[in-house]
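Okay, structure first, notes after.
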């Protein structure tokens, strides 16, 4: 067994020269903003925080501006031109580090933004006893062999693993292995390159969070599994108007004045849903200057907001509504309102809450000059159980 390598400094390479066309984005996926930052920046920050110095990032020659913007403000980063293949980009990164002579190097894919510190620690620790180490996860599905659309057999999944990055190496070993690699063939990863030079590669525990962003749906799936929005609306009470609340016409001495049917309850719900998906407010989609919405039923506004949430990849988890008024009494109508709202939103009645309160005769609602409503909408990502 090789002698242990003492604790030492390490460098890192993030491979970011690809075009990422399968991701369906307008720019290469490593520069797309994801959870508030460019994808590339997430792993760059994680590696720098772990002590990587320097951090080499091979990029496409025409992506220099995108890369500088994505990594602005970060120290110890070296941008270099990548190659036409992943192997060529890694080789360029290793050669850029040759003058630095680090003891160890981590090689990571830019498309894996979440990089937990424990994975970095496990990979680096394994290099004390081995020239290479990779994080991997067990295979839990049956792996079938196929031919012409038919199953011909299956593999022993206990002997298989799903390989992730960052892959770690003793620098001298991986540099020599890349220099010796036949450029006529393309390896699947750097562990394959090291093994071709008879280097041992240890396997350490990976992490499900190290998911790779590859397709357009991956970006949607990586969005927050649960999102919440709030809404608030007020309308003035006026004589001669019909009173619509929660999608129901209620007998009262006055009704709510507005461009549409002025249903404050549904308007608050619409704003809550739109807020949860970050898509404006009710005035954005149904401006009072548009004559099409004069006297319109607010139920269609709620249906439209739900449709937009569905397009964004979310379903309604629950809707919580509070109506604020002195009169009329809301209690006798709560169940009917819940059913009406559930019908508009396409959800079960038990996912809708309707509550009512007064302001103890205080303010404009206490003086019965108007009615207010506030709402909370919880949305759940469609693929999230």
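A few comments on the model shown:
- Difference of contour (0.36 nm per residue) and Cα-Cα distance, residue 230 to residue 146: 25.1 nm
- Reciprocal of mean inverse Cα separation for the range 10-221 (Kirkwood radius, Å): 17.7 Å
- Packing rank of 248-254, 12-18, 51-57, where each peptide gets the mean count of other beta carbons within 10 Å, highest leading: 12-18, 51-57, 248-254
- Compared with the dominant principal axis of the Cα atoms in the chain, helix 334-345 is inclined by about 50°.
- Using equal-weight Cα scatterers in the Debye expression, the normalised intensity of the range 51-139 in log10 at q = 0.11, 0.12, 0.16, 0.22 Å⁻¹ is -0.36, -0.43, -0.76, -1.33.
- Tilt relative to the chain, helix 117-126 - C-alpha long axis, 0 to 90 degrees, to 10: 10 degrees
- Rounded to the nearest 10 degrees, the angle from helix 299-311 to the longest Cα principal axis of the chain is 0 degrees.
- Between residue 364 and residue 75, residue separation times 0.36 nm minus the direct Cα-Cα distance comes to 98.4 nm.
- Full-stretch length increase - residue 242, residue 100 - with 0.36 nm per residue and alpha-carbon distance subtracted: 43.3 nm
- Alpha carbon centroid spacing (whole Å) that separates the range 33-62 from the range 294-370: 45 Å
- Two-site FRET efficiency, residue 326 against residue 294, from Cβ-Cβ distance with R₀ of 22 Å, rounded to 0.05: 0.20
- Taking the alpha carbon gyration tensor of the range 283-385, multiplying each eigenvalue by 5 and rooting it gives semi-axes of 27, 19, 12 Å, largest first.
- Measure of compaction for the range 171-330 (Cα Rg per 2.2 N^0.38 Å): 1.87
- The distance between label points at residue 339 and residue 253 comes to 3.0 nm (points 7 Å beyond Cα on the Cα→Cβ vector).
- Overall shape of the chain was characterised from the C-alpha gyration tensor. The equivalent ellipsoid obtained from it has semi-axes of 58, 22, 18 Å, in decreasing order.
A short reminder: the numbers here are calculations on the coordinates, not readings from a lab. Given the structure is predicted, the values throughout are model-derived calculations rather than measurements. We place every Cβ from the backbone using ideal geometry, glycine too, and count neighbours over all the protein chains shown.
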